[in-house]
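The values are calculated or read from the model by the stated rules, or taken from the named source; none is laboratory data. Here the structure is a predicted model, which is why all the values come from computation and not from measurement. Don't worry about glycine lacking a Cβ; one is built from the backbone with ideal geometry, like all the others, and counts go over all protein chains shown. Each accessible area value is taken on the protein alone, full model and side chains, heavy atoms only, with ligands, DNA and RNA left out. Shrake-Rupley method; radii C 1.70, N 1.55, O 1.52, S 1.80 Å.
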Amino acid sequence: MANSNAQRRSSATFKRYIEHSEQSTYIEVPFQMPEQVEEIHVRYQVEAYGRESAAVIDLGVRDSVRVRGWSGGARQEFNIAQSQATPGYLPGALAPGEWAVLHNAYKVPEEGCTVTIDIEFMHKTPRWLKGDLHTHSVHSDGAYTLEENAAIMESLGCDFIAMTDHNTSSQNLAYPRETSVLMIPGTEFTTNFGHSNFLGAMSPMDDFRVTEMSDVHEKFRIARERGAKIVLNHTHCDHCPWEWDFEVDHDGVEVWNGPWDERNRRALSWWQEQLVKGKRLVAVGGSDVHRPGPYVKHAMPCVWVWSEEKTVERVLDGIVQGHVVITHAPDGPFANLQCGEFGIGDEVPFDQADQDVVVQLDGLRAGDLVRLYSERGFEEEIAAETDGERTLRFDAKERRFLRAEIWRYFQQVERTMMAALTNPIYFNTNVIVRD
């Protein structure tokens, strides 16, 4: 679980000379789809010996079972991933085996032409993916269209977004296709006594109206049955806190909503109390952005998830497992905790729990404060003397968990605020925790 978001890639290039006699025929250029591919990008060019306009060669692709897409002469390139694809192409599993780029030799000059095909394979690579789990659009009370939300996230270099409009799922049926940003289905279950995000289900409920706690439990049960992961939002907000019972079925809590402020500090303190009690509750964040403004912006804060691949299922799995770091913005700073082969969200086995925890820090600025917390409370503070990276070691022997925070002075608001927050790494100490 190193601090890396690099993805392994490979490529292949094929050339196919098309004779004039092949005009009006369909041509296949076979290629092997490798194992464990997450996404492919195909691009082609036609060379007609100085007269490109004289050749018209259409484009498509098939897998081992069926044609997966066709764009004719409208496109020079396309992408296919498990969750998204260029319009005209079908997303889904990229099964290994023989595939083929398809061409229709619609118009071929007398001297023939050569097609050059470049294929890039993006392999499934465990890595840190970043995005925003709490945003709004014109499908509820937001000002942004779905396309605008996706474009902003793409410009920020983010990997995923959940558009969690209030009590509706219509946005999940209208997500834009022409974006590299992974669209996580989302709905903000909005009641008079608290809000929660249902993530990963296209339609997590049929009716949002509730009047008592038993109704809330029932909505959560239905959302679960439909595949949703559940996060309690801005639980300690001044205006819309979580006033229902906390003993509901949920996966995490939004301890950081929008710009860092007192309500987030209260949520953080409450979360720390839960950790001390032995509850392994995952902390997440979200911008809760609705419209353009000077302070509330997309991916501020930004949620980083250690994920096996860039799919909705794997990102949500990473969240449930606690493989989550929150930063004030997509450009960090970043903190990671490692104990041997175990990282954030993992439990270090009892026979390995006496190893030091390596705290890997990146994107620090001189003056940043790195703070470590365990079930004992505040453990240690280290001030960064220079910009850049730093590695620390902490003896976590006889600790049940360890987590890190980075605090930074922000000149814009003349305050020291949270800049990064990790979920804990846990240790099996064979200690029974009692409330």
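Structure above, values below:
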quantity	calculated
Cα convex hull of segment 172-313, projected area averaged across orientations, nm²	9.7 nm²
Sequence of Arg263, Arg403 when ordered by accessible area, the most exposed leading, probe 1.4 angstrom	Arg263, Arg403
Translational diffusion of segment 70-219, µm² s⁻¹ [Kirkwood Rh, Cα pairs; Stokes-Einstein; 10 °C; 1.306 mPa s]	86 µm²/s
FRET efficiency, 1/(1 + (r/R0)^6) with R0 51 Å, evaluated for Arg376 and Met202 via beta carbons	0.70
Student exercise, segment 90-191 dipole from Lys, Arg, Asp, Glu Cβ charges, in Debye to nearest 20	300 debye
Spatial separation of Cα centroids for segment 275-298 and segment 339-383, in angstrom	21 Å
Accessible-area ranking of Thr416, Thr190, Thr422, largest first, probe 1.4 Å	Thr416, Thr190, Thr422
Cβ-derived FRET efficiency at R0 35 Å, Gln7 paired with Asp395, nearest 0.05	0.55
Proximal charge balance of Asn197 [Cβ under 9 Å; K/R count +1, D/E count -1]	-1
Antiparallel %, DSSP beta bridges [both residues in segment 133-268], to 5	60 percent
Filtered chymotrypsin sites (Phe, Trp or Tyr not before Pro), segment 21-112: DSSP coil and at most 14 other beta carbons within 10 Å	Tyr49
Stokes-Einstein D in µm²/s, Kirkwood radius over Cα pairs - the chain at 4 °C with 1.567 mPa s viscosity	54 µm²/s
Cα-based shape type of segment 59-140, given that a ≥ b ≥ c are square roots of the gyration tensor eigenvalues and the cut on a/c is 1.5	prolate
Glu148/Tyr49 FRET efficiency (R0 41 Å; Cβ-Cβ; nearest 0.05)	0.40
Heavy atoms of Ile222: accessible area, 1.4 Å probe, square angstrom to 10	40 Å²
Mean ellipticity per residue at 222 nm, deg cm²/dmol - from DSSP H runs of n ≥ 4 across the chain, formula -39500 (n - 2.57)	-3500 deg cm²/dmol
Segment 237-364 - convex hull of alpha carbons, volume per residue in Å³	152 Å³
0 to 90° range, to nearest 10: angle between helix 213-225 axis and the chain longest Cα axis	30 degrees
Distance-filtered residues of segment 396-422 - backbone nitrogen under 14 Å, label point 7 angstrom along Phe350 Cα→Cβ	398
Rounded to 10°, Cα long-axis angle of helix 146-155 versus longest principal axis of the chain	80 degrees
Relative contact order %, the chain, counting alpha carbon pairs below 8 Å whose residues are six or more apart	12 percent
Filtered GluC sites (Glu not before Pro), segment 239-318: DSSP coil and at most 14 other beta carbons within 10 Å	Glu243, Glu247
Accessible surface of Lys279 - all protein chains present, 1.4 Å probe, nearest 10 Å²	80 Å²
Unit charges on C-beta of K, R, D, E only; dipole of the chain, Debye	100 debye
Distance from segment 41-107 to segment 222-238 (C-alpha centre basis), Å	41 Å
Among Ala81, Leu102, Ile119 - extreme Cα towards positive end, dipole of segment 81-129, charges at beta-carbon	Ala81
In degrees, nearest ten, helix 262-276 long axis to first principal axis of the chain (Cα)	80 degrees
